[in-house]
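This report refers to the structure that appears directly beneath it.
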Amino acid sequence: MNKQHLKNISAKVPDDILVSIDEIAELRNRNRGEIVREALRFYIDTMADYRIAVDRLKDPTDAIQTEEEFLTELGWDI
């Protein structure tokens, strides 16, 4: 990521979250900022998927699949 495109933000977090961030950063040989950016990206992507799912649930024309149909479509034999 190009540093010239990064902007600073400030957030207060509880000690336990900061400890977890530091543990993950050390384990992954990354710094706090990289871990926080990755976590924010994951959250943003998850929320986008959630919004799509809710919109689809509200759409009466959207077909609903059973779990078996879904797994078959994926080619999974579970």
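Readers should treat all values here as calculations from the given coordinates under stated rules, not as data from a laboratory. Since this is a predicted model, take the numbers as computed values, not measurements. Every residue, glycine among them, receives a Cβ derived from its backbone with ideal geometry; neighbour counts consider all protein chains shown.
Below are the figures for this structure:
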| item | result |
| --- | --- |
| Segments 43-51, 8-16 sorted - mean Cβ within 10 Å per residue, highest first | 43-51, 8-16 |
| Local net charge near L27, Cβ-Cβ under 14 Å (Lys/Arg +1, Asp/Glu -1) | -2 |
| log₁₀ of I(q)/I(0) at q = 0.14, 0.16, 0.20, 0.25 Å⁻¹ - the chain, Debye sum with one point per alpha carbon | -0.75, -0.82, -0.94, -1.25 |
| Spin-label pair I9/T66, simplified geometry with 7 Å Cα→Cβ offset, distance in nm | 4.3 nm |
| Cα long-axis angle, helix 32-58 against the chain (0 to 90 degrees, to the nearest 10) | 20 degrees |
